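The values are calculated or read from the model by the stated rules, or taken from the named source; none is laboratory data. Since the model is a prediction, treat every value here as computed from it, not as a measurement. Cβ sites come from the backbone with ideal geometry, for glycine too, and all protein chains shown count toward neighbours.
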């Protein structure tokens, strides 16, 4: 019988011992999933047609005895809220969202109290007494109202319990514990009503007090048999947690005083190949699991994978795993819950709530939407491919819409899709209207998805799970209309969404089985791959989500984390019990959200290694390249050379030359490939935008002075126009961006201050006797550079901020909004001018001088920078050699030396044999 699956053995017993009354036999299993596998096992045992026994889960069986329907957890929360309001004084009543925070924990405690048949009044009064003792030290006169309310809460617990219990019974519904308690109460009557029935309980491990009482009663009345799946390795070891419960039952049940304990098997000690594999992070485990499946397929291409199971210790691993499985897998069966917090449909709805609740809070009348909230929704993977809003996204980015009214958004999207209209329909008509809109939205998303790929089928399952929750909320809200604030709805949604898990449909008997730990109960596989074998994941760790303290639980016989660990231990060892090949994967990282030390189960397997077990331990790390990064090298192709010739004809700007010096690859991307930066909303004004605004303001203020000398009164007039002109330029450059608040208001003031300070310096110069004539503002100049070493003439072209004639000298000025020191425009030697980026400002101002030289008509030229963050230094001229005082007049010698260096740089850029090589 070794390695015969447990369900095969059950099927054999049913055929041998119950064949004459099979239709009156009811098989009770720990979960619904095992039913289809038991039917399949029965098929193997018979040749002809037979009537199958009824096969039900323990929950359905208990419901049958009690005659009460299980209440949905979301519905239960609403029902409890009604009860809470009915027994709590109006002044002490909490909103639903505050109530739900503690009600979910309290309901779990009610559930445990009932499942273990404890006296609720005793337990809940006990909790009140504990809280009273904690507060004994507080003098009566020091007791605050908050403290009084806290004590009153504990006093009310028995009342909450009794009122809720009666309320649910009246409706014929109940949570699991209530149904169990009622089932025990109805046991005598039920037992008498099933004289012709025969029950077989199979594959159980941990039983609560109610289940123990019911099963023992039916066994004593000769109406039931129970078959355990207990391995002697665990049963005979008094300290092994995998046998904790069955040891208790074997020792404590009357049945086993005179009858044998069935079944004790010896499967775990048989030959097994166990591979323990550690790898960094979650993704690594998914990749390794996919690789193991691929190697199984490659070893035997014709074999099916229905005896291979991947058990996920952490549900979050499901999606990475699906992407990691080889395409040759074929049939796949997923039977596990997937947490709602990672569900893409839930993430979309959460973003929708955020956008609309923020809009209502910001300005309910104008319904002002924040651009990030809008873009978050428009770029969501369930929306972007179907909403046809790429042009709208571009308009928002281009025009710097930080806040957009609902009306404006509708104006911007000329032909909206149904999906877009549902996403941005105003939330003005109460909670039910909002939920109905969301329900329609989810249906629209579902219709957009096809069934062409596994990925889209899974996405549909995600959408459907949230759709069900929304429809439940519509149903509950229609019965509780007093809860009608949108903010409250969002809080309720966040509470109930935790209770929504995704269910996947699949073909249970074919292909690879992917499941959670609980779904593996009763089932046996030849190959088992278990992931997330880390403490806190597998086993799950000590989560004390209860109002009942640990010592009280121990005293009353309620399960503590010790028992919960034992349940996990049994499930883990049962997975291994009949498997031949076992792969245990864990995360080697000790820090981070998904980290934790290696599971104690792995250590236990190593310490208690069986003689026939082969156990290997490996660490898989990502293959790291010998060099961290290889700089990019782009050879100059024929088309690249054609583009360079095109740039030479149109014009090399000084900034293009300095961009090549900074990084040839940057030059390649920007100038050769013409790749521009992605346009995004500039929520806070960037430095380059601020620079543009200052440049444009000065141009506008000085435009009327071009071609003439400026006077003191001209500058005085400019002072009066600063505010209006800066505001005008802000609106032109920053478009629809918000400039009246926060950092942008500061930037606005900085721009005004910079312009004002510049004008003050200008005014002082005129007062000191400088004759300043404006020759050009923000004007483009160009000049062709011919040189025998260049392969073709190169046009040098650029935009000069300001050219003036000051006291008979031509002065070429480049404005810089950042801080520039005198040393930045001082050159010690011409050699290497174009090799270092620190010389970029010199290269720039001398290029302007070269371009303007012919226009200067032999007048002396000086070129330099005015730095707005260093205005006290005034004009910073290009200077050659530190020891030379005064401004350098750009004469023929300077220009010859400069051009010699520029030609060297251009020759490098235009040389077909020199590739573009990245600087790192």
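The residues of the stretch 242-265 that are exposed (fewer than 13 other Cβ atoms within 10 Å of the Cβ) and touching a residue at least 24 places away in the same chain (Cβ under 8 Å) amount to a single one, 254.
Considering only the stretch 593-605, I want to know if a residue exists there that is loosely packed, with under 11 Cβ neighbours inside 10 Å, under 29 Å from the mean Cα position of the chain (by Cα) and assigned to a loop (DSSP other than H, G, I, E, B).
Let us first name the residues in the stretch 593-605 that are loosely packed, with under 11 Cβ neighbours inside 10 Å, namely 593.
Now narrow it down to the ones that are under 29 Å from the mean Cα position of the chain (by Cα): 593.
In the following step, the residues that additionally are assigned to a loop (DSSP other than H, G, I, E, B) were identified as 593.
Yes, the conditions are met somewhere in the stretch 593-605.
The requirement of being buried (at least 19 other Cβ atoms within 10 Å of the Cβ) and not assigned by TED's automatic domain parsing to the domain that holds residue 526 is not satisfied by residue 321. When 282, 233 are checked against the criterion of being modelled with pLDDT under 90 and either assigned to a helix (DSSP H, G or I) or touching a strand residue (DSSP E or B) at 6+ places or on another chain (Cβ under 7 Å) (or both), 282 stands alone in meeting it. So, in the stretch 62-80, of the ones that are modelled with pLDDT under 90 and assigned to a helix (DSSP H, G or I), which residue ends up nearest to residue 176 (Cα to Cα)? So the residue we want is 73. Against the test of being part of a loop (DSSP other than H, G, I, E, B) and over 42 Å from the mean Cα position of the chain (by Cα), the options 261, 268 yield a single qualifying residue, 261.
Just so you know, in the stretch 297-314 the residues that are surrounded by fewer than 17 Cβ atoms within 10 Å (Cβ to Cβ) and not in a loop (DSSP other than H, G, I, E, B) include one that is nearest to the chain's Cα centre (by Cα), and it is 298. Looking across 478, 431, one residue alone is touching a residue at least 40 places away in the same chain (Cβ under 8 Å) and either surrounded by 14 or more Cβ atoms within 10 Å (Cβ to Cβ) or out of contact with any helix residue (DSSP H, G or I) (no Cβ under 8 Å at 6 or more places or on another chain) (or both). It is 431. Note on the stretch 324-348: among residues that are part of a helix (DSSP H, G or I) and more than 14 Å from the chain's Cα centre (by Cα), the one that is surrounded by the fewest Cβ atoms within 10 Å (Cβ to Cβ) is 327. Filtering the stretch 395-411 to residues that are more than 18 Å from residue 356 (Cβ to Cβ) and at pLDDT 90 or above leaves only 411.
May I ask you to verify whether residue 98 is part of a helix (DSSP H, G or I), modelled with pLDDT of 90 or more, out of contact with any helix residue (DSSP H, G or I) (no Cβ under 7 Å at 6 or more places or on another chain) and farther than 16 Å from residue 175 by Cα? Spell out how you get there, then give the answer.
On the way: part of a helix (DSSP H, G or I): yes; modelled with pLDDT of 90 or more: no; out of contact with any helix residue (DSSP H, G or I) (no Cβ under 7 Å at 6 or more places or on another chain): yes; farther than 16 Å from residue 175 by Cα: yes.
Answer is no for this residue.
For the stretch 611-628, filtering for residues that are part of a loop (DSSP other than H, G, I, E, B), touching a strand residue (DSSP E or B) at 6+ places or on another chain (Cβ under 9 Å) and either within 19 Å of residue 285 (Cβ to Cβ) or outside the structural domain of residue 589 (by TED's automatic domain parsing) (or both) leaves 3.
Quick one: which residue in 865, 909, 889, 902 is under 30 Å from residue 763 (Cα atoms) and outside any loop (DSSP other than H, G, I, E, B)? Don't jump to the end; show me each part of the working.
Working: 909 fails: under 30 Å from residue 763 (Cα atoms); 889 fails: outside any loop (DSSP other than H, G, I, E, B); 902 fails: under 30 Å from residue 763 (Cα atoms).
Matching residue, one of 865, 909, 889, 902: 865.
In this structure, is residue 654 surrounded by 10 or more Cβ atoms within 10 Å (Cβ to Cβ) and touching a strand residue (DSSP E or B) at 6+ places or on another chain (Cβ under 6 Å)?
Details: surrounded by 10 or more Cβ atoms within 10 Å (Cβ to Cβ): yes; touching a strand residue (DSSP E or B) at 6+ places or on another chain (Cβ under 6 Å): yes.
Yes, satisfied.
Quick check on my filter: what residues within the stretch 166-183 are touching a strand residue (DSSP E or B) at 6+ places or on another chain (Cβ under 8 Å) and under 16 Å from residue 106 (Cβ atoms)?
Applying the first criterion (touching a strand residue (DSSP E or B) at 6+ places or on another chain (Cβ under 8 Å)) to the stretch 166-183 yields 168, 172-176, 179, 182.
Passing the criteria: 168, 174, 175, 176.
The set of residues in the stretch 701-715 that are part of a helix (DSSP H, G or I) and buried (at least 19 other Cβ atoms within 10 Å of the Cβ) comprises 701, 702, 714, 715.
Would you mind finding the one in 842, 866, 861 that is surrounded by 11 or more Cβ atoms within 10 Å (Cβ to Cβ), under 23 Å from residue 782 (Cα atoms) and over 55 Å from the mean Cα position of the chain (by Cα)?
Details: 842 fails: over 55 Å from the mean Cα position of the chain (by Cα); 866 fails: over 55 Å from the mean Cα position of the chain (by Cα).
It is 861.
The residues of the stretch 845-858 that are free of Cβ contacts under 8 Å to residues at least 40 places away in the same chain and either outside the structural domain of residue 808 (by TED's automatic domain parsing) or surrounded by fewer than 13 Cβ atoms within 10 Å (Cβ to Cβ) (or both), listed by number, are 857, 858. Name every residue in the stretch 386-417 that is surrounded by 14 or more Cβ atoms within 10 Å (Cβ to Cβ), in contact (Cβ under 8 Å) with a residue 24 or more places away in the chain and part of a helix (DSSP H, G or I), in order of residue number. Of everything in the stretch 386-417, those that are surrounded by 14 or more Cβ atoms within 10 Å (Cβ to Cβ), in contact (Cβ under 8 Å) with a residue 24 or more places away in the chain and part of a helix (DSSP H, G or I) turn out to be 386, 387, 396, 397, 406, 409.
In a loop (DSSP other than H, G, I, E, B), touching a residue at least 24 places away in the same chain (Cβ under 8 Å) and surrounded by 18 or more Cβ atoms within 10 Å (Cβ to Cβ), is that true of residue 755?
For residue 755, the condition - in a loop (DSSP other than H, G, I, E, B), touching a residue at least 24 places away in the same chain (Cβ under 8 Å) and surrounded by 18 or more Cβ atoms within 10 Å (Cβ to Cβ) - is not met.
Of the residues making up the stretch 213-223, none is within 41 Å of the chain's Cα centre (by Cα) and part of a helix (DSSP H, G or I).
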